[in-house]
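First the structure, in the form of structure tokens, and then the observations on it.
All of the numbers you see were taken from the coordinates with simple rules; none came from a lab. What you are looking at is a predicted structure, and each value in this text was computed from that prediction instead of being measured. Every residue, glycine as well, gets a Cβ built from its backbone with ideal geometry; the counts of neighbours run over all protein chains shown.
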Amino acid sequence: MHAAVLEFSLHIPSARSLKEKRAVLKPILEGCRHRFSVAAAEVGSQDRWQSAQLGVSTVASTAQHVTEVLDAVERFVWSFPEVEVLSAERSWFGP
């Protein structure tokens, strides 16, 4: 079993309230869950308007499959013009 977590630090310059921030994050998180069958959530900076930390995790039988899924998720998150990706960091669990 191979598992990995991808953590994003995002800046959302257009957000002027938590409600606007959530409106930007919702399609990103739901898109990750539905397109790639991963677990995705806002994991930090919940009370800050223009910054967010997202966590995405996946488990698979091969490290190659985990890498492919997280690469696709990373491209997906980068494709949103409403957010600036400040960092994307992977952590691996398993053999």
Next on the checklist: No solvent, one uniform scatterer per C-alpha: report log10 I(q)/I(0) for the chain via the Debye equation at q = 0.18, 0.20 1/Å, two decimals.
Outcome noted: -0.75, -0.90
Checklist entry - Against the longest principal axis of the chain, how steep is helix 63-78, in degrees 0 to 90 to the nearest 10, with axes from Cα atoms? => result 10
Checklist outcome for this item: Amide H neighbours of GLY44 at under 5 Å, excluding residues fewer than 5 places away on the same chain, with H built from the backbone geometry, are GLN53
Checklist entry - Which of VAL69, VAL43, PHE8 sits farthest toward the positive end of the charge dipole of the chain, with +1 on the Cβ of Lys and Arg and -1 on the Cβ of Asp and Glu? => result VAL43
Checklist outcome for this item: Among ALA52, ALA23, ALA15, the residue with the largest mean-square fluctuation in a Gaussian network model of the chain built from Cα contacts under 10 Å is ALA23
Checklist entry - Where nothing but the Cβ of Lys and Arg (+1) and of Asp and Glu (-1) is charged, how large is the charge dipole of the chain around its Cα centre, in debye to the nearest 20? => result 300
Next on the checklist: Given an 8 Å cut-off on Cα distances and at least 6 residues of separation, report the relative contact order of the chain as a percent.
Outcome noted: 49
Item to check | For segment 12-28, Karplus couplings with θ = phi - 60° (6.51, -1.76, 1.60), whole Hz, Gly/Pro x | outcome: 10, x, 7, 6, 10, 7, 5, 5, 5, 4, 4, 5, 6, 6, 4, x, 5
